[in-house]
Structures are given as structure tokens and as C-alpha cells.
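What follows is a short report on a single structure.
The values are calculated or read from the model by the stated rules, or taken from the named source; none is laboratory data. Not measured: the values here are computed from a predicted model. Neighbour counts are summed over all protein chains in view; Cβ atoms, including those assigned to glycine, are modelled from backbone coordinates with ideal geometry.
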Amino acid sequence: MESTALLIILRLIHVVAGACWVGAVYVVARKVFPAVLASGPAGGVVMGQLAGVRKLPMFFIHLMAATILSGILLYIRNGMLSNGEWYRSMPARIYGLGAAFAIVTAILGVTINSPTARKIGALAGTIAASGGPPSADQQAELARLNAKLQKALNVGALLLVLAAASMSVARYMP
Ligand code: HEM
């Protein structure tokens, strides 16, 4: 494929998927999940809808895969076009820093956020199926899982904002 066309396609995928990823994680971390937590049992129902029916974790995995894969290809492309010279430039270092923030967030998402959200969904389902109020143990476990997910979401939102900030200034670094 002609180089400019490839660049345009990769940048289109990269910037749109990256912007959606940062925005979605930020809104879930700072607005949606706190609202879910403040809504008691109704919040559990909304979480079940988001995770089970709307497949929110899978949506995040698609966005992160599209952003990271296209970003790595753009990174390699810049290096190849300059015979490796570009990798030693300041912009390359700042793009690399932003990429590291985003990749750490993806690893956290897959190893902490997704499994914790799944455990919350399963426990909420067990409680709902029992027909009665949750036991003290179930309540404690739910509170622990919710706190863990909120913390992981906050860290992810912060890292992704730092990734977007690095990407937005990298090109102009002297
Ligand atoms: C939240 C994640 C990310 C966001 C929001 C994001 C956003 C952006 C944006 C807006 C640009 C355009 C900057 C400009 O033209 O001045 C860009 C460029 C770039 N990004 Fe990312 N990015 C993210 C993650 C990554 C990752 C994981 C990599 C992996 C290596 C990466 C590598 C690059 C590269 C190499 C460019 C330069 C493309 C070019 O030379 O035209 N980005 N990114």
C-alpha cells in the first residue's frame, strides 16, 4: 500500500481509538462507577447491564488493541523511514513515554479491572438469585472488590490522561 495512504489509515485508527479509550475510561472512573457505587442494589443491576449485556470490558479491549497496535506500527514506520535515526530523537522518547503509560494501563485492565468486574458481576448475580439480602461476608467481599475496581479505574484514567498528554506534545519536543 502507498505509504501516505497507510499513514492516514494508521493515524485515523490510532487517534480515534485512543481518544475514545481515554475518554471512556475517564468517564467510567470518575462519573459512572462512583454513581453505581452510590446507588446501592440498583447500582449492581446497572453494572450487570454494562458488563454482561453491553459488554463494556470487551469494548475496552477492542479500543486498547486498536490504539496500541496502530501506535506500534506508526512507531516502527517512523523508525524505518529514518533508518533508525528517529528512535534517538526527543519526540520518539516522548511518544515512547506515552506509549508506556498506555501499555501499563492495558496490562492493568486485563489483569485487574476485567477480572474484578467479572467477580463483582458474579457475586451480584449470586446475591440477586438468592432472593434475600446479602450476607455480612458477601457485603464485605463486594465492598472490597468495588474499592479495588475504583482504585484500578482511577489509576488507569490518570495513566491514560498522561499518555494522551505525551502524545499531544511529542512531535514538537526540541
Ligand atoms: C491512550 C492512548 C493513546 C492516545 C490517546 C494517543 C494519541 C495520539 C495522538 C493524538 C497522536 C497524534 C499526535 C500528533 O500528530 O502530533 C499520536 C501519535 C502517535 N502515537 Fe499515540 N496515542 C496513544 C497510545 C499510543 C501507543 C500505545 C503507542 C505505541 C507505540 C503510540 C504511538 C504513537 C506514535 C508513534 C505517534 C506518531 C505518529 C506519526 O508520526 O504520525 N501511541 N497518538
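Here VAL161, VAL169 are screened, and the one residue that is touching a helix residue (DSSP H, G or I) at 6+ places or on another chain (Cβ under 9 Å), within 14 Å of the ligand (Cβ to nearest atom) and within 23 Å of ALA35 (Cβ to Cβ) is VAL161.
Of the residues making up the stretch 101-120, just one is touching a residue at least 60 places away in the same chain (Cβ under 8 Å) and surrounded by fewer than 18 Cβ atoms within 10 Å (Cβ to Cβ), namely ARG118. Taking the conditions (1) more than 10 Å from the ligand (Cβ to nearest atom); (2) part of a helix (DSSP H, G or I); (3) more than 22 Å from MET58 (Cα to Cα); (4) not polar (S, T, N, Q) in turn, LEU108 satisfies each one other than (3).
Each residue in the stretch 69-97 was checked for being near the ligand (Cβ under 9 Å from one of its atoms) and either of a type in the set (Phe, Trp, Tyr) or outside any helix (DSSP H, G or I) (or both), and 3 pass. Among the residues of the stretch 121-132, which ones are without any contact (Cβ under 8 Å) to a residue 60 or more places away in the chain and part of a helix (DSSP H, G or I)? Listed by number, the residues that qualify are ALA122, LEU123, THR126, ALA129, SER130.
Scanning the stretch 78-124 for residues that are of a type in the set (D, E, K, R) and at pLDDT below 95 yields ARG118, LYS119. When we screen MET58, MET64 for residues that are more than 21 Å from ASN146 (Cα to Cα) and either more than 10 Å from the ligand (Cβ to nearest atom) or aliphatic (A, V, I, L, M) (or both), the only hit is MET64.
Comparison of ALA157, ALA99 shows that the only residue that is closer than 24 Å to VAL27 by Cβ, in contact with a Phe, Trp or Tyr (Cβ under 6 Å, 6 or more places away or on another chain) and of a type outside the set (Val, Ile, Thr) is ALA157.
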